[in-house]
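The values are calculated or read from the model by the stated rules, or taken from the named source; none is laboratory data. Predicted model, so just to flag it, every value in this text is computed and none were measured. Using ideal geometry, Cβ is built from the backbone for each residue, glycine included, and neighbour counts are taken over all protein chains shown. Surface accessibility is based on the protein's heavy atoms, side chains included, excluding ligands, DNA and RNA. Shrake-Rupley method; radii C 1.70, N 1.55, O 1.52, S 1.80 Å.
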Amino acid sequence: MTLHHTRSTYSTMKHSTAALLFACAPCFVSSFTNTGIIHVVSSTRRQPLSMPPLKDSLAPLLLHLQEMHDKDASVKLDDPTTEEASSYMPYDLLPPSDNWVANSTRRLSRIDLQMAITKVKRFVESRLETDLNLFEHTAPIAFKSGTGVNDELDGSESKSPVRFKVPNQFVPRGITPKPLSELSPEEQEEAKRYAMDCEVMQSLAKWKRIVLDRLKVDVGEGIYCSSTSIRKGYKGDVTHSVIADQWDYEIRIKEEDRNVETLKSYVNKIWKIITDAEDDILQEYPSIILEGHPTATFRLPKDITFITAEELHAKYPSLDVHGREDAAVREYGAIFIIGMGWPMNDGSDPEEVRSPAYDDWKLNGDIIVMHPLTGYRHELSSMGIRVDSDSIVAQLKHRGMGDQVDLPYNRAVINNSLPFSYGGGIGISRLLMLLLRTAHIGEVQCGVWHDEHYRMVSGCGIDLIPDRIIDLKSKEEVSDDKAMHP
């Protein structure tokens with residue numbers, strides 16, 4: 001079964017039968033009024049098209065849809081619960097089927113969704129400038145390898161950056177250079193003379209500190225960048241993409257400000273920006289919320305709860321890392337976990353494995369909330385007070401990376417050549433997914449997804465922004481086409 005969804009603008013559901021019809025046939029119904037008139041708006045039109053009132057002739061259809069809903073709670077495309085689909089991505093990572101209808105992409109047109117995305121971005125960037133005393137700075141997309149400036153994430157090979165070589169050779173247009181093997185030794189040496197090994201940026205965590213020094217900003221001033229990186233080690237799911245976009249920011253502080261109080265102060269400022277952004281976008285686009293649905297009452301708490309990694313571990317001793325984070329956000333709504341990187345006092349694994357060379361593991365943390373549609377933890381931001389000469393050495397040694405102390409960046413930190421700073425990143429697409437109430441990160445960013453991923457999520461009414469022409473035909477339909485057109 002191939003189903004092509006048309007996204008529509010939508011105001012309010014008035015009847016449960018209309019809600020059911022909308023849930024099962026999102027490609028048609030936009031809103032259902034008290035008069036029984038269905039309004040349809042295509043993804044490219046703004047004017048609603050009126051259809052005849054529902055009469056007894058539609059009763060069999062509604063009965064059929066009710067039976068389908070009772071049986072399976074959804075209309076599935078190439079059933080995402082199949083063995084092949086579940087081997088690609090666990091089915092329980094998808095939002096619960098009862099929440100599929102609450103996805104705002106069923107009510108906002110594709111054009112309106114992009115306009116809402118732009119509004120959120122402008123709001124947050126404006127507030128970063130005023131509330132945190134930042135200005136926007138241009139951002140790199142790649143670094144020269146071997147300098148220690150790139151973010152190594154958790155330090156594993158699977159999370160290593162995308163690498164490439166820049167030959168730095170002049171080649172006349174339209175001419176293919178000879179392979180190195182066909183060149184003389186002298187020519188080979190000349191060809192390699194200016195070549196550079198480079199890697200795609202994974203985050204700007206360390207680079208921003210270099211820029212603070214370059215700009216000689218005052219204490220309390222800083223920069224932010226709108227950055228986009230490629231993280232090839234991440235497998236795509238509802239909240240993870242190989243494309244990572246974030247607002248990277250860095251603020252100069254004094255050495256005596258390297259404490260938990262400073263950390264909390266900045267977290268509260270950023271949390272205020274996030275909750276104000278939620279209020280602003282819901283006022284501008286009220287149809288983001290599906291009135292009458294259980295998720296309609298969800299709002300972010302105005303205050304964020306601070307909890308250390310040790311306290312979280314002690315509070316939920318029988319749960320794994322994500323399990324206790326799930327439990328905490330369901331209890332508090334939004335949490336900031338302080339201290340991520342060092343193992344627990346009882347020797348168990350750290351709350352999260354962190355890079356040893358930018359955050360001080362005792363003075364860092366994550367903002368995590370519950371997403372109303374997925375029903376589980378939703379990380380929005382990682383941040384912290386940056387390493388000093390003592391903490392970087394201790395953390396490199398703990399990770400078995402002591403041989404990296406002489407990388408140029410690490411040596412600059414050890415020699416106290418860089419300013420003390422506080423910084424982090426706010427996930428742009430993660431925040432948009434939350435504030436705009438979409439069921440998948442790929443509805444607010446253009447990611448790169450496997451065909452099987454498209455098949456799984458399309459059955460839930462999820463409208464991924466594609467990077468290519470997508471054909472969602474089932475394998476049986478493809479086989480039929482080949483048989484008909486050998």
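Which condition from (1) in a loop (DSSP other than H, G, I, E, B); (2) open to solvent by 10 Å² or more (accessible area, probe 1.4 Å) is the one that Leu204 breaks?
Among (1) in a loop (DSSP other than H, G, I, E, B); (2) open to solvent by 10 Å² or more (accessible area, probe 1.4 Å), Leu204 violates only (2).
Go through the residues of the stretch 246-262 one by one and say whether even a single one is crowded, with 21+ Cβ neighbours inside 10 Å and of a type in the set (Lys, Arg).
yes
How about the stretch 267-308: which of its residues are assigned to a helix (DSSP H, G or I), of a type in the set (S, T, N, Q) and without any contact (Cβ under 8 Å) to a residue 60 or more places away in the chain?
Hits for the stretch 267-308 are Asn268, Thr275, Gln283, Thr297.
Here's the yes/no breakdown for (1) at pLDDT below 95; (2) open to solvent by 40 Å² or more (accessible area, probe 1.4 Å); (3) charged (D, E, K, R):
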position: Ile230; (1), (2), (3): yes, yes, no
position: Asn268; (1), (2), (3): no, yes, no
position: Ile273; (1), (2), (3): no, no, no
position: Asp303; (1), (2), (3): no, yes, yes
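Any idea which of Gly148, Gly220 is modelled with pLDDT of 95 or more, in a loop (DSSP other than H, G, I, E, B) and at positive phi?
Checking each option against the conditions leaves just Gly220.
Take the stretch 279-292 and flag every residue that is surrounded by fewer than 18 Cβ atoms within 10 Å (Cβ to Cβ) and either more than 17 Å from Thr438 (Cβ to Cβ) or not aliphatic (A, V, I, L, M) (or both).
Residues satisfying the conditions are Asp279, Asp280, Gln283, Glu284, Pro286, Glu291, Gly292.
Test of understanding: among Glu250, Glu256, which residue is farther than 22 Å from Glu443 by Cα and either part of a strand (DSSP E or B) or modelled with pLDDT under 95 (or both)?
Answer to the selection: Glu250.
Residue by residue, here is whether (1) under 20 Å from Pro140 (Cβ atoms); (2) aromatic (Phe, Trp, Tyr); (3) out of contact with any His (no Cβ under 8 Å at 6 or more places or on another chain) holds:
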| residue | (1), (2), (3) |
| --- | --- |
| Val211 | yes, no, no |
| Tyr224 | yes, yes, no |
| Thr239 | no, no, no |
| Val242 | yes, no, yes |
| Ile251 | yes, no, yes |
| Val260 | no, no, yes |
| Trp271 | no, yes, yes |
